[in-house]
Amino acid sequence: MKGTNEQRAGLLSGFAAYGLWGLVPLFWPLLKPSGAVEILAHRMVWSLGVVGIALLALRRWSWIGELLRQPRKLALITVAAVVISVNWGLYIWSVNHGHVVEASLGYFINPLVTIAMGVLLLGERLRPVQWVAVGTGVASVLVLAIGYGQPPWISLVLAFSFATYGLMKKKVNMGGLESLAAETAVVFVPALGYLLWLGVRGESSFLSGGAGHGVLLASTGVVTAGPLILFGAAAIRVPLSTLGLLQYLAPVFQFILGIVYFHEAMPPERWAGFGLVWLALTLLTWDALRSSRRTRMRALAAREAVAKQPEPASDDSGSAPPSSTVTTPAP
């Protein structure tokens, strides 16, 4: 029962995280004229403040000493902090420079990148349908590269950075709040130093943009911490394959916003590339559902086979039959 509840909590956390990420393109344009790097620095600084308050309220500090005694885990946390910072910064820049649709493509590609990492880094074996899906994803990148006149770098960097982040979170295996606190602590000093440097040069929009703009920049802590805490909670409770399926929510919302709200162009070659990506994701989803159904059927058959086995016979005295697994009673 506990395992079922844990998985259910993980799925709900994943749905909430990806739903919020799907709507976040509506927020970043509100922070103009701040540049992407300044917004990123504010995200880092204010996120640590938010998670620090949460940890103080929950009195969850014991993990810090344990983490400091594990250099390998600290290294993984550092890698996670770096790659998610790259992901954040590029995504903010993409949204505020009219590349919402291309950014959404990165998160559509991400499940395929996650599968590729599983093969290359974890030695996982793919089923035939998964190979077809990965091949279709590669074809989509080639079509989009021809359409753009160059590889879709924004999409590829977003996909690989977030897939790496998910892998690091899986290996670290920490709670969502604790993991985010450690990651933001790693990048806090560089981010704060950059903001102070902007202030000294008179280029800080936080100081010159008025109280309302300052509040919006400070709210990046909540906007950042909320979904990431939920994602961290999901990452340690559900398989990476399930996270890949849940991630479809965010790019779907972003894609719709890019076309309907931001009115970005969709020439035929872009539709063709996206169509191939969606075909690959459809194949992955169908294969995952089929595999899950087969696994459930095998488990059910195994339980039924165990239930049909006859009970071991007992002798006339009612004592258990001799067995090498019977323990010696305590004196």
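Take residue 82 and tell me if it is open to solvent by less than 10 Å² (accessible area, probe 1.4 Å) and out of contact with any strand residue (DSSP E or B) (no Cβ under 9 Å at 6 or more places or on another chain). Judged against the criteria, residue 82 is not a match. In the set (1) in contact (Cβ under 8 Å) with a residue 40 or more places away in the chain; (2) open to solvent by 60 Å² or more (accessible area, probe 1.4 Å); (3) not in a helix (DSSP H, G or I), the condition left unmet by residue 125 is number (1). Counting the residues of region 1-35 that are buried (at least 21 other Cβ atoms within 10 Å of the Cβ), under 25 Å from residue 102 (Cβ atoms) and among the small types (Gly, Ala, Ser) gives 4. The residues of region 148-171 that are of a type in the set (S, T, N, Q) and modelled with pLDDT under 85 amount to a single one, 150.
Of the residues making up region 137-147, those that are of a type outside the set (A, V, I, L, M), surrounded by fewer than 20 Cβ atoms within 10 Å (Cβ to Cβ) and either touching a strand residue (DSSP E or B) at 6+ places or on another chain (Cβ under 9 Å) or at pLDDT 80 or above (or both) number 0.
Filtered by the rule that a residue be in contact with a Phe, Trp or Tyr (Cβ under 8 Å, 6 or more places away or on another chain) and closer than 25 Å to residue 59 by Cα, region 178-221 gives 178, 218, 219, 220, 221. Within the span defined as region 257-276, every residue fails to be open to solvent by less than 10 Å² (accessible area, probe 1.4 Å), among the aliphatic types (A, V, I, L, M), under 26 Å from residue 151 (Cα atoms) and in contact (Cβ under 8 Å) with a residue 12 or more places away in the chain. Just one of the numbered conditions (1) among the charged types (D, E, K, R); (2) farther than 20 Å from residue 164 by Cα; (3) surrounded by 14 or more Cβ atoms within 10 Å (Cβ to Cβ); (4) out of contact with any Leu (no Cβ under 8 Å at 6 or more places or on another chain) is not true of residue 102: (2). For region 239-256, how many residues are in a helix (DSSP H, G or I), farther than 20 Å from residue 126 by Cα and open to solvent by 30 Å² or more (accessible area, probe 1.4 Å)? So the count comes out to 4.
Residue-level check: of (1) under 27 Å from residue 11 (Cβ atoms); (2) touching a His at 6+ places or on another chain (Cβ under 8 Å), residue 154 misses just (1). Taking residues in region 36-60 that are surrounded by 14 or more Cβ atoms within 10 Å (Cβ to Cβ), and partners anywhere that are of a type outside the set (Ser, Thr, Tyr) and not in a helix (DSSP H, G or I), the pairs with Cβ atoms closer than 7 Å and at least 6 places apart or on different chains are 55/61.
The values are calculated or read from the model by the stated rules, or taken from the named source; none is laboratory data. Keep in mind that this is a model prediction, so the values were computed, not measured. Glycine gets a Cβ as well: all are built from the backbone with ideal geometry, and neighbour counts include every protein chain shown. When the accessible area is computed, the model is the full protein with side chains, heavy atoms only, and any ligands, DNA or RNA have been set aside. Shrake-Rupley method; radii C 1.70, N 1.55, O 1.52, S 1.80 Å.
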